[in-house]
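Report on the following structure.
The values are calculated or read from the model by the stated rules, or taken from the named source; none is laboratory data. Note that the structure is a prediction, hence the values are computed from the model and not measured. A quick note on method: Cβ atoms are made from the backbone with ideal geometry, for glycine too, and the neighbour counts reach across all protein chains shown.
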Amino acid sequence: MLMKKWFMSGSLLLGVLTLSSCISVDLRKDVLQDRPLWEDTRVQMLLYPTNRANAEHAIKFREVLGFGQLAAQVLGKQKDQNISAHDVLFFSPDSQNLCLVKEESPLPVEISKNPVTNAIVQTIENEYIAILKSEADDSKSLASGGRANRLPNLSLSTGEFEKLGKLLAQEYWPIISSSTDLKQRLEYQVLKEAQGQAPEQKCAKLNFTNLFVMYLMEYYNGNYVDRYGVAYDKPKLDFRITNDAIVAFANIFQETLWDFALMTYQEKVKDPVVYKTGHPDIFINGTGKKPSLAKILREQHKPETAIPGLVEEVRTDASKNPSMPGLTNSEVCVVHYFSGLAGDASELLSSMFIRRIGGLSGGFVIAYGKFSIGDNETLGKLIDASVKTYGKRSTDLVFSTLLYRSANIKKSLNDDAVNVKELKRKKSSTSPWTDTDERKLQETENLLKEKQSNWDWIQKHVDISKFLDCYKQN
């Protein structure tokens, strides 16, 4: 019961953190409980290989236009790295009115150097590479521990969270509070691929800065909704940046990082927001509200309502066409359910130690012109919210990828069953049967049993999803 054990082990850590006097949190050891789901071979073996070419994308992750450039800025360029020569990356070959464009420095320098930023970006890169590589490796290599891409320990102090909160407020509050013209942040330009192989195309220019500022402006205007249907309250306009605004800035910053990575790899990694059939503005989440991700992309992608890999219609034909990719209502709800468990557990883990900061000297105070923000209560809320979002989004990506590829997983299980049957047929025949054959049979049978057990556990939760709030809402 792989996932069940992963969530239950959090309770054991609560006692450790309660007794600890440390004022830092390790995202790997504490939040991900020292074993990120995407590193577990039992999860990896369910990510059936579908496209070996994707391994190349994993190896050259920081060379890809979009999130790759941001990762290179934050984590540093890889050896012999060559940044993409293309000026533009279209979201879809069939629809070239929405694209990612080059941005030499996606983040302000101090934010790019912040350890919290580094930890989140490093996690996103690590998880995406694991998923991309899973498409290139076969089940046997996974079962023998063939993955070597391990997320390092990521210990972050309360001061580092505090510094990020200050930087985000200083850099972006003046921008969104001085302009409410959304179109100024997303311009239409005539862009041309650097090599001149494609005709000039009119596309909506999208980069990390544009996306983040648009999200913040949605928040500033009281319209920001995350992928789970949670609407953020409009910030109070005052001479102070409120505690809630600081928490919102940090959360939206992290949401933007995860969304921007998904936009970069939406053809290969699938974690879309999903809307109801015939009701493109009603989404399958806790409230039915349209996420800001969908709203912003649709505004630039007219007249399309669906954007593959990012904004999709719910899959309703699972029984008639099981090979059809996508997510059913039940599957979306299960993804949100597990993400919520991970987020809540992460928040509890951080809360147990962060409440100790109340006695620290100094405070979480920023002076920016006429603005001042916060105290230690703000810092506690900031860390709680950041860690919760981190747990939710990293878990969301794994489960969405698994369920989106359900047809491939079923094919993998069927292929393994066929292999076992063929080996048993050979064993019972007059054909020579060697010790090597016997080992192969045992390995294949054991692999099939483990994969089937893990998949049955996930499917059991899909089957009972009608009891979840997400399902009831939709």
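Restricting attention to the stretch 232-243 and to residues that are out of contact with any Ser or Thr (no Cβ under 7 Å at 6 or more places or on another chain) and under 28 Å from Val274 (Cα atoms), the residue that is surrounded by the most Cβ atoms within 10 Å (Cβ to Cβ) turns out to be Tyr232. Within the stretch 274-286, residues that are touching a residue at least 12 places away in the same chain (Cβ under 8 Å) and among the charged types (D, E, K, R) have Cβ atoms under 8 Å from residues that are surrounded by 16 or more Cβ atoms within 10 Å (Cβ to Cβ) and assigned to a loop (DSSP other than H, G, I, E, B) in these pairs: Lys276/Ile284; Lys276/Val314; Lys276/Asn474, counting only partners at least 6 apart in sequence or on another chain. Taking the conditions (1) under 18 Å from Leu168 (Cβ atoms); (2) in a loop (DSSP other than H, G, I, E, B); (3) among the hydroxyl-bearing types (Ser, Thr, Tyr) in turn, Tyr228 satisfies each one other than (1). Residues of the stretch 299-316 that are at pLDDT below 90 and either over 20 Å from the mean Cα position of the chain (by Cα) or among the acidic types (Asp, Glu) (or both): Glu299, Gln300, His301, Lys302, Pro303, Glu304, Thr305, Arg315, Thr316. The requirement of being over 28 Å from Glu312 (Cβ atoms), surrounded by fewer than 23 Cβ atoms within 10 Å (Cβ to Cβ) and among the aliphatic types (A, V, I, L, M) is fulfilled nowhere in the stretch 376-394; no residue meets it.
Matching residues to (1) buried (at least 16 other Cβ atoms within 10 Å of the Cβ); (2) assigned to a helix (DSSP H, G or I); (3) more than 25 Å from the chain's Cα centre (by Cα); (4) modelled with pLDDT under 90:
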residue: Ser412; (1), (2), (3), (4): yes, yes, no, yes
residue: Glu438; (1), (2), (3), (4): no, yes, yes, no
residue: Trp455; (1), (2), (3), (4): yes, yes, no, yes
residue: Lys460; (1), (2), (3), (4): no, yes, no, yes
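Checking the stretch 169-177 against the condition returns no match, with no residue being in contact with a strand residue (DSSP E or B) (Cβ under 8 Å, 6 or more places away or on another chain), modelled with pLDDT under 85 and farther than 26 Å from Pro115 by Cβ. Taken together, the residues in the stretch 282-308 that are more than 18 Å from Asp226 (Cβ to Cβ) and either among the hydrophobic types (A, V, I, L, M, F, W, C) or in a loop (DSSP other than H, G, I, E, B) (or both) amount to 7. On inspection, Ser92 does not qualify as at pLDDT 75 or above, among the hydroxyl-bearing types (Ser, Thr, Tyr) and more than 23 Å from Phe399 (Cβ to Cβ).
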